[in-house]
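Taking it in order: structure first as structure tokens, then the write-up.
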């Protein structure tokens, strides 16, 4: 009875709870929220000052008692209470115009492959405490594959590489299940760190995380480019402590990220090696699909294609692939229940 009442006033939502960004899909409406997974907290009072875009503006610019943090590290909850507050904020944003106190939505949340039962439980509890009526979990590569319109329920091999902010998920999917998978803690954030370290070691320049990310987006590449790209970076000179400005090229940034990119590509090759031959034949025909923000790194598709000797394509709108997959599952949860990993759904009464 209560479930029916809550269902009437609630909008079922899918959440891509990412290390860098959180995206929210509302059933029947599409993607309504795409904001950074950043929360600004006043440590004196414990009060949350800002969430999402407003909080991201504060990163690196706050006084001592205000901390702008990411409550998720490597795709896993590191600060339970702050994550809960962030989820509550996003759920309330969706139900702002309705009766928010009666909104108890069903929620599908994407989690990285290979997370422990404890980590899964933490996501479920955070979503429930934030106001969800029921919580279903789906592995991110599966959601990304569904969001990329791959036929995951067919008896054929589909290979997806989802490169996010904190994790890179490589998976081969067939018959609605993951056959082989690999989860790496090397993704967008690690590439930013590589750029910060490179600037410090090569140019004796101290960069902020946001500056490193901007450089990666403007001139970063994984494969040699036809035309040289240049960018100006500003930071603090480590020798005299004064501001310093230098110009870098795509070659510099490629060199900075080379080791991490190589590990990422080798993981894709290892996954292919572990895949049953019949499925490899399917993947050779269909190609490998790249999703997530990291797939937008210039030339990454060419590098993966060269190293694996397979066709590679980038998913349509790769940044939203996971949340769109959560949305597809939401729209037809009974038909797609086999792709969920949430024990709650499997135990639900028929």
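The values are calculated or read from the model by the stated rules, or taken from the named source; none is laboratory data. The shown structure was predicted, so the numbers you read here are calculated from the model rather than taken from an experiment. Because the Cβ atoms are built from the backbone with ideal geometry, glycine has one as well, and the counts that use them run over all protein chains shown.
Numbers at a glance
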| item | result |
| --- | --- |
| Qualifying positions in region 179-212 - without any contact (Cβ under 8 Å) to a residue 60 or more places away in the chain, within 16 Å of residue 167 (Cβ to Cβ) and surrounded by fewer than 17 Cβ atoms within 10 Å (Cβ to Cβ) | 193 |
| Residue match in region 258-266 (condition: within 22 Å of residue 137 (Cβ to Cβ) and surrounded by 15 or more Cβ atoms within 10 Å (Cβ to Cβ)) | no |
| Residues of region 74-95 that turn out to be in contact (Cβ under 8 Å) with a residue 40 or more places away in the chain and exposed (fewer than 15 other Cβ atoms within 10 Å of the Cβ), as a count | 1 |
| Number of positions in region 123-159 that are within 20 Å of residue 295 (Cα to Cα), touching a strand residue (DSSP E or B) at 6+ places or on another chain (Cβ under 6 Å) and outside any loop (DSSP other than H, G, I, E, B) | 7 |
| Residue within region 268-276 that is buried (at least 21 other Cβ atoms within 10 Å of the Cβ) and closer than 22 Å to residue 213 by Cβ present | no |
| Selected residue [assigned to a strand (DSSP E or B) and more than 30 Å from residue 186 (Cβ to Cβ)] from 91, 33, 15, 48 | 48 |
| Lone qualifier among 59, 67, 82 - being in a strand (DSSP E or B) and in the same structural domain as residue 116 (by TED's automatic domain parsing) | 67 |
| Given (1) modelled with pLDDT under 85; (2) surrounded by fewer than 20 Cβ atoms within 10 Å (Cβ to Cβ), number of the condition residue 10 does not satisfy | (2) |
| Unique match (being buried (at least 21 other Cβ atoms within 10 Å of the Cβ), touching a strand residue (DSSP E or B) at 6+ places or on another chain (Cβ under 8 Å), in the same structural domain as residue 309 (by TED's automatic domain parsing) and not in a helix (DSSP H, G or I)) among 253, 233, 215, 246 | 233 |
| Members of region 179-216 found to be over 20 Å from the mean Cα position of the chain (by Cα) and under 30 Å from residue 153 (Cβ atoms), listed by number | 179 |
| Which listed residue, of 27, 61, is more than 25 Å from residue 167 (Cβ to Cβ) and in contact (Cβ under 8 Å) with a residue 40 or more places away in the chain | 27 |
| Members of region 285-300 that are crowded, with 21+ Cβ neighbours inside 10 Å and in contact with a strand residue (DSSP E or B) (Cβ under 6 Å, 6 or more places away or on another chain) | 288, 289, 290, 291, 292, 294, 295 |
| Within region 160-177, considering residues that are touching a helix residue (DSSP H, G or I) at 6+ places or on another chain (Cβ under 6 Å) and in a loop (DSSP other than H, G, I, E, B), the one farthest from residue 318 (Cα to Cα) | 176 |
| Residue tally, condition farther than 20 Å from residue 238 by Cβ and not in a helix (DSSP H, G or I), over region 178-212 | 10 |
| Hey, residue 282 in contact (Cβ under 8 Å) with a residue 24 or more places away in the chain, closer than 30 Å to residue 205 by Cβ and either over 20 Å from the mean Cα position of the chain (by Cα) or surrounded by fewer than 16 Cβ atoms within 10 Å (Cβ to Cβ) (or both) or not | no |
